[in-house]
Every structure is written in structure tokens, then in C-alpha cells.
1. For segment 3-36 and segment 484-517, what is the centre-to-centre distance using only Cα atoms, to the nearest Å?
2. Between the helical axis of 204-217 and the dominant principal axis of the chain, each derived from Cα atoms, what acute angle in degrees is found, rounded to the nearest 10?
3. Can you tell me the order of 239-246, 216-223 when each peptide is scored by its average per-residue count of other Cβ atoms within 10 angstrom, highest first?
4. If you fit an axis through the alpha-carbon atoms of helix 164-181 and take the longest principal axis of the Cα set of the chain, what angle between them do you get, 0 to 90°, nearest 10?
5. For Gly11, enumerate residues with amide H under 5 Å from its amide H, sequence gap 5+ or separate chain, H modeled in the peptide plane.
6. Once you have the Cα-Cα distance between Asp258 and Gln73, take 0.36 nm times their residue separation minus that, and quote the gain in nm to one decimal.
7. Treating only the Cα positions of segment 47-179 as identical point scatterers, give the base-10 log of I(q)/I(0) from the Debye formula at each q in 0.09, 0.20, 0.21 Å⁻¹.
8. Taking only C-alpha pairs under 8 Å that are 6+ residues apart, what is the relative contact order of segment 31-117 in percent?
Amino acid sequence: MMLRRLAVFPGGATLEAAGAVCDPGGTLGDPVDLVAALVDKSLLVEDDGRYRMLETIRAYGLERLDECGETAQLRRRHATWFLALAERLEPTLRTAEQLKALAVLSADHDNLHGALRRAIADGDADLAVQFVLVLGWYWWMRGHRVEGAGLAVAALALDGPTDPDARAMACGVAAVNGFDGIGEATQVNAWFEEAFRYQGQHPMFRLFKAVSMLFRNGSTDETLEHIGVLARDPDPWLASLGELLYCHAEMNVGIPYDAAASRFAKSLAGFQEIGERWGMAAAMQSLAEVLARRGEFAAAVDHLEESLRLFAELGTAEDRSAAEVRLAQLHELLGRPERAEVVLAGARRTALQVGLPDGIAFVEYVYAERALRAGRLAEARRHFNDAAEILTGAQASAQMLAAVQGGLAVVRALEGAPDDGRTMAAVALEHARSAFDGPVAGAVLEDAAEVVLLAGDPALAVTLLTAAETIRGGPDHTRPHLATLASAATAALTDAERAAAVARGRATTIETAADLL
């Protein structure tokens, strides 16, 4: 009897789970003795306190379970047990205890997802939504956003009664995972809208409100106001995350680097006080980006390596690829080409493991940029085209579309077709405008400046370079070719022409930049 009931566990069971699910009344005897007997008969395998069976034996057990009419009852007890487990651990995911909680949830990943998939298959909307609610932050922090977002789509599409508070919370965590997991803006926006409209009492609703406004409207004054409120939240984790989000939102409208570094450091200190590693890693990665743009490459490397160490502790790959790419670029800038090559190859492996088009395309984009700046145009074009192909038909971000199109525009201009490059640069700027992303807009404006200089328009090149620095908040020292570009453009102008071009650039916004081309 114990054997067939244990078959309900797709991911094996601890003694505690086995007793609670298979024999809650204790009528079969001591679960320790029952399980030990099955191990002695080689029907179960013990592995670090967990008991599993071969799939052939499990299939037999499931058949026997069905024959005895116990399948529905055992599945319900299994789902109830693991839902309670996830509910108990979910709040600790945002505390110093998160590694312990993640380890437990990861060990029972197959059981948790198995129960959720059965609820979806059975059309049990209430149970499925409850699982999405309690698993959302596990998906985010452990790097299961793609799988999680797919399960959330299926669960939230079910008809049937659900607790409105739970459904709204599930929509919020599904939307957060949906950024990376599905990248489908309409679906993510619909989830945010439902969570935003309901506004329950749970503290996380305050986060969903701020993030949904940033996602839908970009860094408007109203958005910044709401994120600023989040940064002063009485919940220390929400306040630290609010500080992080506020600074990213401000960077999209040109906050000076020093102010950005100060805000990111404050967010980092908040997460350090809590002991929450994902927040520490994210804040360190953000701070490293500001340090890198200021030209403090060695300090940025230190922050990125610590960020990657923390992500490794969490066991997430989805947050690592972008950090690895930036780390490779910094090693290159510090004169360590062999180290850069190793790290970039690792970033490609990480991106392919995760499987998100944006991440894979970003690696190709960096390979293309390296070739471009070394004068290897054919190689650069190949990598840029590979990146563009990866993004074609995918749920690609406007940021990556802008960056790849901007790089191709430069290649085309260097190949002797500056008019084509100018047209492509204008398209890249349109993508950047829809991305609500100041740093990406700055890079695309600089690509456009290179194109128009090659076309013989140094005044417009100076205007675009000035606009890039204004929108981004300062010069980007990770792109050393810009110094040569700026010198060539300004040298071709009189003092009056240069002053007029600079003034025009300072008055340019990302909304008006594309019109210049």
C-alpha cells in the first residue's frame, strides 16, 4: 500500500512528506519502517534523506493506485501538502533565510510543478492560482522565469472561481516573471492591470503598482512619484527594491552618474542589512554599470564578480548572462583580451542554457561590436545579422532591437553606404524611443552620430553625441571610440557652429532625436 501511494510523488519524498501524504492517520505503521522495508527490497532509492523510485516502478505504482480508486484522494493530499510547504517558505525568500528556503523548494521542484500541472490539467483554477501565487518569487530568484511564466499563463487562463485576492497577487508575480519568461507585452500588461486594479492589502501590491506604471508609461513624473513612495516603504525589502527601481527609472531620464551611484549604494546597503542575496546581486550589478561608465573599470569588475558569486549561490542562470557579458567587456578595456574571451564564451553558454532570445542576441551583439571596433567589418556584419535573426519572430525587447539596428547602421555606413546607414539609424532610434531606456538611447544616438559623420555632417554628429550624454547622464567610457569620433566631428566645425550644435543636442530628447535624421 505504501509503495503505490508513494508513486504520487513525481520528485520523490522526505519521510515527513511521505507520512503526511500517504498515511496521515498513521494506520499503516511507522513511516520510517515502511520506507526502510521498501529500500531493502530495492523498490526505493535513498538519496540524502529523500526517497525516490525508478520510473518503471512508479508507473506500476500509479496503475495500482488507480485500480484501488485512490488517485484523486492522494493527488489532493499531495497538492495540499506542497502548497502548504510553499506558503510557509514564500515570505522567507526575501530574507536572510532565502538560501535555505530555495534549497527546500528546489529539492521539491518536481513535486511543486507536478501538483501545479495536475491542477491545470484538472481545470482547478483556485488551486492552480494558489500555486502561482506562492511559487512566483521562487521562479524569479531561482531562475525558472520561462517555465514559471508559461505555467502562469495556463493557470490564469482557467475558468472557475478563485479567491480574488489570491488571483490578483498571482497576476502580479506572473507579470514580474513575464518580463523575461514570455516577453509578451500585452499579456504582461494585462496581468499588471488586474493586480493594479484590485490593490489588495498585501505589501506586494505596492510593488506591482510601481512596476506596472514603469512598464506601461516609462519614467514619467507620475511613475517616479509612485516608485519614490515605494522607496520609503515600511517594509525594508520593498524599500530597498524601490530605491533600486527609482534609480533605474531616473537613469532613463539622465540622472547624473554620481547621483545614480549614491542611490544604488543605498539600495545595496538596504539589501545587505536584510541579508537578501538577490537584491544585493542586482544592486551590485547596477552599481558596477555606473562605475564602468565613469571609467572605474577595476572597481566595476570587483562589483560584477561579487554579483555573479551571489547569483551562483542563488542558483540562477537567468540573471548571470548580462553580468558576464559586461565583465568580459571590462576585461577587454583593462587590457585582458584572453580573460575577456573566456568570460564572453561563458556568457554565451549561459545565454544558450537560459534560452531567452534577448540574452543570446546580446552576446552576439558584443561579439559584433568587438569586431567592428577592430575593423573587421565582415565579421561584425555576420554577428549583427546573427543577433537580428535571433530576434526575428521572437518576443524581443525594444532595447535589443535598437542596439542591433544601430550597430548594423554603422557597419553599412563604413561599407560605403551612409544614406542606408542613416535610414537604419533612424529605425534604431524609433526602437529606442519605445524602450523607455536612456542608456540604450544614448548608445544608439552615438551610433547615429558615427553614421552622419561618415555622411559628411559633423554638426549633426556633435548634436547627437551631446544628446546622448544628456539623455544618459554623462559620457560612456566603456566606448572609447567615442573620444576619437567627437574629436573628428568638433575639429570640422567653427566655434560658433560647435556651440550651436551642442545647444541643439542639449535640447534634444529621445522623443525628438529620430526627427533629426
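1. First find each Cα centre; the distance between them is then 73 Å.
2. Between helix and principal axis, roughly 40 degrees.
3. Details: 239-246: 24.8, 216-223: 15.2.
Highest-to-lowest ranking by the protection proxy: 239-246, 216-223.
4. The angle comes out at about 50 degrees.
5. Asn111
6. Working: separation 185, 0.36 × 185 = 66.60 nm, distance 6.04 nm.
Full extension of this stretch gives 60.6 nm more.
7. The Debye formula, applied to the Cα set alone, gives -0.28, -1.19, -1.27.
8. Working: 35 pairs, mean separation 15.1, N = 87.
Reported relative contact order: 17 percent.
The values are calculated or read from the model by the stated rules, or taken from the named source; none is laboratory data. Just so we're clear, the structure is a prediction, and the values are computed from it rather than from any experiment. Neighbour counts run over all protein chains shown; Cβ positions are idealised from the backbone, glycine included. Surface areas here come from the heavy atoms of the whole protein model, side chains and all, with no ligands, DNA or RNA. Shrake-Rupley method; radii C 1.70, N 1.55, O 1.52, S 1.80 Å.
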